[in-house]
Amino acid sequence: MKIFDTLTRSNISLRSTKNVIRIFVCGPTLNDNFHIGHARVFVLVDLIIRLLESKSYIPHVIVNVTDIDPKIKENNINPDIIFKAINDDLNNLEISDLIYAKTSDYVKEAKNLTGMLIKRKLAYSINGNIYLDTSKFKKYGVLSHLSKTELLDQRYDIDINKRNVTDIFLWNTSDSYGIEFNDKILGDGTPWWHMQDTAVAMFHFNGNYDVHLGGIDLCYPHHEILLSTLMALSGKKRPVKCWMHVGILDIENEKMSKSSGNAIYIKDLLKKYDANTLKLYFFSKKYRRLVNFKFSELKKFDRINSMIRNLVSNSDYENENDDYYIADKKVNYSKESDIIKKFKNYIENDLDTSNALKLFLDTVRQPSKMKDAKKMMKIFGLRY
């Protein structure tokens, strides 16, 4: 399976000697409900899991969930309620079996790791706040492919006392967001987002894993900082084999924005459209590209979904004795037809779901090939 790596800007092969593929997913922040941009990422994660399992790999997937965030307190949000709602949405999308890591459970690790960076003189304290010293990382900017001039134009965590303009918060003691953690060495404060994720990645994977997956909007500064901290703490020059980024999703030619009201929440969308329709829509797009979501296009895939449902229900093919069933993730792929091999080859080539979808739609229209079509449904996570 080949995936496009943002760091090298090339497709790299995912291989493991022990058949385990370790994946870190940048999950949602528990300050709002689950929207269509989140769903695009999780449908992709579910597809990767299904494909890896079909190839006898064991996907070890950790989804970090941020429950330490200023907006949670500012908007009087109960993160546990939001987390339950997100789980409900994922179940309705028929995406499950994921391991979640709430960042508040890893504060102890974040404290210890921040202290280690200070001892190694890779981080420093100014006015009680602790920053990563980006000047200590010669290749800082390598992931986001920003030049030194472009990096200087970035403005994050502004403080005239910082050593370098590009230095980023690891531990914040100056701002109170209603959640504060006591520490005699670092000072009472809050681990910042980059350090929260670093703590989760170090705890579960010792900072060394196969895929880090998230939206392209997280590439800088979040993933750039994460790469630096993981390099420093794991001792690996390349702690993550593949940095995988999903494209931005706009809505009807406008940037998706919760504050401006231009957001589509999954709980609302699933009241009118089922999970299959949304998945078919996503599979028609290249995951790395910007998607301009339009309801007119979603309605087209709703009609396609109805067509598939009718073809499946009217099929004479019986699957009672098959080794797979649409609701079950375990599939026997020991005997694959040429069509299935072609289908999987598309997906294994940097998740080329658009061509895989075209092949599936052609196959499902042929009654004699319904068995192959249902195996494709299995990998796509479609339920009919």
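The values are calculated or read from the model by the stated rules, or taken from the named source; none is laboratory data. Owing to the predicted nature of the structure, the values given are computational and were not obtained by experimental measurement. Using ideal geometry, Cβ is built from the backbone for each residue, glycine included, and neighbour counts are taken over all protein chains shown.
Below are the figures for this structure:
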read-out	value
Failed criterion for D175 (all others in (1) loosely packed, with under 15 Cβ neighbours inside 10 Å; (2) over 22 Å from K111 (Cα atoms) hold)	(2)
Tabulated pairs, segment 246-265, first within 21 Å of T353 (Cβ to Cβ), second among the hydroxyl-bearing types (S, T, Y) and surrounded by 10 or more Cβ atoms within 10 Å (Cβ to Cβ), C-beta under 8 angstrom, 6+ apart or interchain	V246/Y287; G247/Y287
Subset of segment 337-359 (residues that are over 19 Å from I49 (Cα atoms), touching a residue at least 12 places away in the same chain (Cβ under 8 Å) and not aliphatic (A, V, I, L, M))	S337
Cross-chain or 6+ apart pairs with Cβ under 6 Å, segment 307-324 first and assigned to a loop (DSSP other than H, G, I, E, B), then modelled with pLDDT under 90	D323/N332; Y324/V331
Scope segment 201-236; condition aromatic (F, W, Y), closer than 21 Å to S13 by Cα and within 16 Å of the chain's Cα centre (by Cα); matching residues	Y209
The one condition in (1) surrounded by fewer than 22 Cβ atoms within 10 Å (Cβ to Cβ); (2) more than 20 Å from G141 (Cβ to Cβ) that I266 fails to fulfil	(1)
Filter result (touching a Leu at 6+ places or on another chain (Cβ under 7 Å) and without any contact (Cβ under 8 Å) to a residue 60 or more places away in the chain) within segment 278-300	Y281
Number of the condition not met by D210 [criteria: (1) in contact with a Lys or Arg (Cβ under 9 Å, 6 or more places away or on another chain); (2) modelled with pLDDT under 95]	(2)
From the options D89, D97, residue that is crowded, with 20+ Cβ neighbours inside 10 Å and within 18 Å of the chain's Cα centre (by Cα)	D89
Scope segment 271-284; condition among the hydrophobic types (A, V, I, L, M, F, W, C) and surrounded by fewer than 17 Cβ atoms within 10 Å (Cβ to Cβ); matching residues	none
Set I81, I62: member being out of contact with any Asp or Glu (no Cβ under 8 Å at 6 or more places or on another chain), within 30 Å of T173 (Cα to Cα) and not in a helix (DSSP H, G or I)	I62
Residue in segment 161-175 that is touching a helix residue (DSSP H, G or I) at 6+ places or on another chain (Cβ under 9 Å) and more than 17 Å from I126 (Cβ to Cβ) present	no
Tally, over segment 80-95, of residues that are more than 19 Å from A275 (Cα to Cα) and modelled with pLDDT under 95	0
So N164, is it within 29 Å of I58 (Cβ to Cβ) and free of Cβ contacts under 8 Å to residues at least 40 places away in the same chain	no
Residue satisfying condition, being of a type in the set (G, A, S) and free of Cβ contacts under 8 Å to residues at least 12 places away in the same chain, within set S147, S174	S147
So T190, is it touching a residue at least 40 places away in the same chain (Cβ under 8 Å), part of a strand (DSSP E or B) and hydroxyl-bearing (S, T, Y)	yes
